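Asker: One structure coming up, written as structure tokens, with questions to follow.
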Amino acid sequence: MSGPGSDIYLARPMNVLVNATSARLGGGITVLRNLLPALLREDGGKHRYTVTPRDEVRGQLDPGHERVSFWSSSIQGKTGPGRFFWEQIELPLRAASQGDVLLSPANMAVLGSPVPQVLIFQNMAPFDRDVIARYPSAGRMRFHVLRDIGTLSAK
């Protein structure tokens, strides 16, 4: 971070909440499996990371470090409205009481985050017309929804 007051974020230890509910397979897991050790290496040894994965992928994300902990979530087996409720309602409530910053690494922000948020776009397919054109209509509709959510999240 840069700008007025940014040194406060660098000067004190923070609890970084990592919204890992989208990581189920492939790229989402790979990004987090590499990102967590990199953050631990680069943060001067002072920040803590609380990760919110699905239970079935927790073992794949755990770097085995004392500054990384995991929350169990009620997201298990949920899609659509259930996942939306977890990410947009339950997670912000937890963030308000236990986090200093929220890291959302899967194209979708927590829209009502009560703490500063870092958003990572790791899947650009919803923004690529050529990729979208190769899918049947149901796939195209999904990409359009993901693009709209991503655009709203970036704003």
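Asker: What is the set of long-range amide H partners of Gln117 at a cut-off below 5 Å, with H atoms built 1.01 Å from backbone N?
Answerer: Sorted by chain and number, the residues that satisfy this are Leu102.
Asker: How much length is gained if the chain between Asp55 and Asp130 is pulled fully straight, taking 0.36 nm per residue apart and subtracting their Cα-Cα distance, in nm to one decimal?
Answerer: 23.5 nm
Asker: Provide the per residue accessible area, probe 1.4 Å, for segment 31-75, rounded to a whole number of square angstrom. Numbers along the way, then the final one.
Answerer: Values: 2250 Å² over 45 residues.
Heavy-atom accessible area per residue stands at 50 Å².
Asker: Which FRET efficiency, nearest 0.05, do Ser72 and Val118 yield, Cβ-Cβ r, R0 25 Å?
Answerer: Details: r = 23 Å, r/R0 = 0.92.
FRET efficiency, Ser72 to Val118: 0.60.
Asker: How about segment 89-149: which chymotrypsin sites (Phe, Trp or Tyr not before Pro) there lie in a loop by DSSP and see at most 15 other Cβ atoms within 10 Å? List each step's numbers first, then the result.
Answerer: Details: sites: Phe121, Phe127, Phe143; in loops: Phe121.
Filter output for segment 89-149: Phe121.
Asker: What FRET efficiency comes out for Lys155 versus Phe85 if R0 is 22 angstrom and r is the Cβ-Cβ distance? Round to the nearest 0.05. If you can, show how the numbers build up before the last one.
Answerer: Numbers: r = 22 Å, r/R0 = 0.99.
So, using R0 = 22 Å, E works out to roughly 0.50.
Asker: Subtract the Cα-Cα distance of Arg12 and Asp148 from 0.36 nm times their separation in residues, and report this length gain in nm to one decimal.
Answerer: Values: separation 136, 0.36 × 136 = 48.96 nm, distance 3.56 nm.
Residue separation times 0.36 nm, minus the Cα-Cα distance, leaves 45.4 nm.
The values are calculated or read from the model by the stated rules, or taken from the named source; none is laboratory data. Predicted model, so just to flag it, every value in this text is computed and none were measured. With ideal geometry, Cβ positions are generated from the backbone for all residues, glycine too; neighbour counts draw on all protein chains shown. Heads up: the accessible areas ignore ligands, DNA and RNA and are worked out on the full protein's heavy atoms, side chains in. Shrake-Rupley method; radii C 1.70, N 1.55, O 1.52, S 1.80 Å.
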